[in-house]
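Student: Starting off with a structure, shown below.
The values are calculated or read from the model by the stated rules, or taken from the named source; none is laboratory data. Nothing here was measured: the structure is a model prediction, and the numbers come from that model. Cβ placement follows ideal geometry from the backbone for every residue including glycine, while neighbour counts extend to all protein chains displayed. Remember, those area values only see protein heavy atoms, side chains included, never the ligands or the DNA or RNA. Shrake-Rupley method; radii C 1.70, N 1.55, O 1.52, S 1.80 Å.
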Amino acid sequence: NNQEDIHLATAAKVYNVSTKSVTREMRSNAKMVNFGIIYGISAFGLSQRLGIKRGEAKNIIEQYFAEFPGIKKYINNSISRARKNEYVETIFGRRRYLSNINSKNSLLRSYDERNAINAPIQGSAADIIKIAMIKIQKSIEEKNLKSKMILQVHDELIFDMKKSESDILKNLVRKKMEESTILNVPLTVDVGVGENWLEAH
């Protein structure tokens, strides 16, 4: 809501420093934690990814949950709801069934526990981008544009753009992506243009 860098803000809280004191390495570690947590990363897994001692990784995870108790609550609630229903849902109601969530086999159970945490987040993100794609395609057809949507990569859409349609396409894409769904926080979209995908970044 304040247009802040989420990974920078996380690093400042986890390392208990001001945002101005956050180093590149701290931000990178915080980014790994932000994404790792939704995959149910362990202290061992985080230590391997960051190349740090397991004790340090454990401290980072503990500090993260101390600073963001709502995330720990989300994780526990997700697993508990999944155990009861044997499925989880995206914010649009699309289900992911988890047949091993109550398994006596700890390997199978922990795999489904990670999915119980992750699937609603990743699944909702997938739903949002697909809704945006449908709305964009419809607008492109309605406006008889020559530009074409050619690729989706995670939360990015790639277009083969006719140069004369640059302004109209950029505005259309931004508007449709940002308005694809209404959340408690705004969906903000960056638009880049270039001769190829790398240049557009």
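Student: Tell me the relative contact order for the chain as a rounded percent, counting alpha carbon contacts under 8 Å between residues six or more apart.
Tutor: Answer for the chain is 12 percent.
Student: Residues with amide H under 5 Å of Tyr87's amide H, sequence separation 5 or more or different chain, H placed in the peptide plane at 1.01 Å from N; which?
Tutor: Close amide H contacts, sequence-distant or interchain: Leu98.
Student: Shifting gears a bit: Whole-Hz Karplus ³J(HN,Hα) for the range 194-201, in order, using 6.51 cos²θ - 1.76 cosθ + 1.60 and θ = phi - 60°, x for Gly and Pro?
Tutor: Rounded to whole hertz, the list is x, 5, 8, 4, 4, 5, 5, 6.
Student: Report the percentage of all Cα-Cα pairs in the chain whose separation exceeds 30 Å, rounded to a whole percent.
Tutor: Percent of Cα pairs beyond 30 Å in the chain: 38.
Student: Heavy-atom accessible area per residue, the chain, 1.4 Å probe: how many Å²?
Tutor: Heavy-atom SASA per residue in the chain reads 66 Å².
Student: Whenever you get a sec, compute what percent of the accessible area on the chain sits on carbon and sulfur atoms (1.4 Å probe).
Tutor: Using a 1.4 Å probe with all protein chains present, the chain comes out at 51 percent carbon and sulfur.
Student: Any chance you could check the Cα centroid distance between the range 119-154 and the range 92-112 for me, in angstrom?
Tutor: Using only Cα atoms to place each centre, the spacing works out to 29 Å.
Student: Separate question: In the range 30-119, with Lys and Arg counted as +1 and Asp and Glu as -1 at Cβ, which of these residues, Phe68, Asn105, Asn34, has the Cα nearest the positive end of the dipole, that is, farthest along it?
Tutor: The one lying farthest along the dipole's positive direction is Asn105.
Student: On to the next question. Within the range 1-91, list the GluC sites (Glu not before Pro) lying in a DSSP loop whose Cβ has at most 11 other Cβ atoms in a 10 Å radius.
Tutor: Listed in order of number, the matching sites are Glu4.
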